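Structure, as structure tokens:
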Amino acid sequence: MLYQQIARNKRKTVLVVAVFFLLLALVGAAIGYFFADTAVGGVIVAAILALIYLSIVGGQSADMVMRMNHAQELHDASQAPEFYHVVEDMALAANVPMPRVFIVKDPSPNAFATGSDPQHAAVAATTGLLQQMNREELEGVMGHEMSHVRNYDIRLQTVAMALAGAITFLANFASHAWWFGGGRRDNDDDAGGVLVAVGAVLLIVLAPLAATLVQLALSRNREYLADAGSVELTRNPQGLISALEKLKHAQPMTQSSAECASLYISSPHLNAAHGRGFSGLFDTHPPLDARIARLKKM
């Protein structure tokens with residue numbers, strides 16, 4: 001069951017990332033069509049912009065995310081002995097380098113991992129998590145975060161953040177340029193040209209929303225995989241199950257950044273069940289009850 005779940009989630013992740021790159025290419029093509037009369041040129045510009053975003057975000061992702069969430073680094077184990085040593089143990093079990101360790105002063109229990117790769121990873125936990133979790137539960141949570149590190153989910157989230165930023169920037173640029181009179185295509189007087197133009201406009205307008213939905217889908221998919229990884233590292237599904245049960249009753253965080261919500265082990269802005277159906281598309285995480293049910297089957 002465990003390895004089947006891991007394989008299934010990896011396949012879904014490949015599909016989601018492919019959709020991300022396709023969306024970026026389509027937005028670039030639409031902008032190139034309007035403003036330079038060349039879709040290929042637009043795709044090239046979009047790719048260059050995405051690479052710039054990736055180099056900026058990837059080079060300092062851990063420090064940037066920690067600043068956004070007001071996290072304070074622990075420089076030795078004496079500042080939070082149990083937390084620090086649990087991170088050490090889980091890093092050893094996952095066979096990854098010891099990450100930098102941070103604490104977020106917030107009474108709501110939560111945790112996240114970030115970084116560009118396992119060699120430059122960082123993990124953080126809130127003061128609320130450290131106060132409310134026993135060691136078994138803390139190991140389950142940190143096993144989850146170390147799974148994100150080991151599986152390169154932290155890099156994947158960094159790439160998704162950069163691509164979403166690039167898509168949003170391109171869409172905003174196109175919208176502003178259009179507003180100020182750019183991008184008119186007077187030669188589109190045939191029905192086919194009009195349809196293409198309308199489709200391109202809709203794509204530009206809806207691109208940021210689509211990028212957000214893809215990013216959230218990626219996050220939800222990787223949470224199931226990290227839960228399974230935690231069980232593999234700790235050999236104890238009950239620790240994470242118990243931790244997730246406590247997280248169901250957590251209040252929204254006050255120190256978290258909205259841009260980083262998908263990084264946390266549970267949504268930092270919701271305190272109960274997540275939306276279902278259409279509204280569930282905008283959730284950063286799968287419902288906690290669904291995650292607990294999967295863990296109980298392992």
So which residues in region 202-245 are surrounded by fewer than 20 Cβ atoms within 10 Å (Cβ to Cβ) and among the charged types (D, E, K, R), if there are any at all? Glu232, Arg235, Glu245
Residues of region 27-41 satisfying the condition of being assigned to a helix (DSSP H, G or I) and open to solvent by 80 Å² or more (accessible area, probe 1.4 Å): Val40
Look at region 42-63 and say how many of its residues are among the hydroxyl-bearing types (Ser, Thr, Tyr) and open to solvent by less than 20 Å² (accessible area, probe 1.4 Å). 1
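Here are some residues: Ala91, Ala62. Which one is small (Gly, Ala, Ser) and either on the phi > 0 side of the Ramachandran plot or over 20 Å from the mean Cα position of the chain (by Cα) (or both)?
It is Ala91.
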Against the conditions (1) modelled with pLDDT of 85 or more; (2) more than 27 Å from Ala93 (Cα to Cα), where does Gln215 fall short? Just the number, please. (1)
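Condition check ((1) assigned to a helix (DSSP H, G or I); (2) more than 21 Å from Gly128 (Cβ to Cβ); (3) of a type in the set (Asp, Glu); (4) modelled with pLDDT of 80 or more) across all residues:
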site: Ser262; (1), (2), (3), (4): yes, no, no, yes
site: Ser266; (1), (2), (3), (4): no, no, no, yes
site: His269; (1), (2), (3), (4): no, no, no, yes
site: His274; (1), (2), (3), (4): no, no, no, no
site: Gly280; (1), (2), (3), (4): yes, yes, no, no
site: Ala290; (1), (2), (3), (4): yes, yes, no, yes
site: Arg294; (1), (2), (3), (4): yes, yes, no, yes
I'd like the full set of residues that are of a type outside the set (A, V, I, L, M, F, W, C) and either open to solvent by 20 Å² or more (accessible area, probe 1.4 Å) or modelled with pLDDT of 80 or more (or both), limited to region 4-26. Gln4, Arg8, Lys10, Arg11, Lys12
Restricting attention to region 104-139, report how many residues are of a type in the set (S, T, N, Q) and buried (at least 19 other Cβ atoms within 10 Å of the Cβ). 5
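The values are calculated or read from the model by the stated rules, or taken from the named source; none is laboratory data. Everything numeric in this text was worked out from a predicted model, so none of it was measured. Virtual Cβ from ideal backbone geometry, glycine too; neighbours counted across all protein chains shown. Note: areas computed on protein heavy atoms with side chains; ligands, DNA, RNA excluded. Shrake-Rupley method; radii C 1.70, N 1.55, O 1.52, S 1.80 Å.
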